[in-house]
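The values are calculated or read from the model by the stated rules, or taken from the named source; none is laboratory data. As the structure is a prediction and not an experimental result, all values here were calculated from the model. Quick reminder, even Gly has a Cβ in these numbers, built from the backbone with ideal geometry, and neighbours come from all protein chains shown. We work out accessible area using only protein heavy atoms, side chains counted, and drop any ligands, DNA or RNA first. Shrake-Rupley method; radii C 1.70, N 1.55, O 1.52, S 1.80 Å.
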Amino acid sequence: ESLHPLKKLSFPYSLTITEVKPDVENYQSKEDRKLLDGLYECILCACCSTSCPSYWWNRDKYLGPALLLQSYRWIIDSRDEYTLERLNNLDDLYRLYRCHTILNCTRCCPKSLNPAEAIANVK
């Protein structure tokens, strides 16, 4: 009874379909961990979204740079097993493809992150 499957949590949490042992860590290679640099540091201040003209015009449909940066963070996390589901969720004319690479998001980020690059990688 010490084994229990991880309940499916709402986006953006790490999801797994395999059983999880609570006393065992889910290790990640140094190379996989390095891929997360420049993504996990986001403090979700949403400066990038508020500076984005595409978000101003389509905020009811376009997810915006902050959310798309976090989406990419989970998509490339080797420990997450719902990559295809996450990509399918983003595959929409407005959710992802309204980014026109104006780069306001990158210029205004207080942590010097690059949401535009993350969005381009998801595309």
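See the values below:
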{"read-out": "Condition check for Leu44: at pLDDT below 95, open to solvent by 30 Å² or more (accessible area, probe 1.4 Å) and closer than 27 Å to Glu25 by Cα", "value": "yes"}
{"read-out": "Those residues of segment 29-52 which are closer than 16 Å to Thr106 by Cβ, acidic (Asp, Glu) and in contact (Cβ under 8 Å) with a residue 40 or more places away in the chain, in sequence order", "value": "Glu41"}
{"read-out": "Residue satisfying condition, being at pLDDT 90 or above and more than 21 Å from Asn89 (Cα to Cα), within set Lys21, Lys34", "value": "Lys34"}
{"read-out": "Count of residues meeting criterion [open to solvent by 70 Å² or more (accessible area, probe 1.4 Å) and over 13 Å from the mean Cα position of the chain (by Cα)] in segment 28-41", "value": "4"}
{"read-out": "Positions within segment 68-123 being among the polar types (S, T, N, Q), assigned to a helix (DSSP H, G or I), out of contact with any Cys (no Cβ under 7 Å at 6 or more places or on another chain) and open to solvent by 30 Å² or more (accessible area, probe 1.4 Å), in sequence order", "value": "Thr83, Asn88, Asn89, Thr106, Asn121"}
{"read-out": "Tally, over segment 47-62, of residues that are surrounded by 17 or more Cβ atoms within 10 Å (Cβ to Cβ) and part of a helix (DSSP H, G or I)", "value": "5"}
{"read-out": "Residue in segment 15-27 that is part of a helix (DSSP H, G or I) and open to solvent by 30 Å² or more (accessible area, probe 1.4 Å) present", "value": "no"}
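Every residue, every condition in (1) of a type in the set (D, E, K, R); (2) free of Cβ contacts under 8 Å to residues at least 60 places away in the same chain; (3) touching a Phe, Trp or Tyr at 6+ places or on another chain (Cβ under 9 Å), yes or no:
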position	(1), (2), (3)
Ser54	no, yes, yes
Arg59	yes, yes, no
Gly64	no, yes, yes
Leu69	no, yes, no
Tyr72	no, yes, no
Arg79	yes, no, yes
Thr83	no, yes, yes
Leu87	no, yes, no
Asp92	yes, yes, no
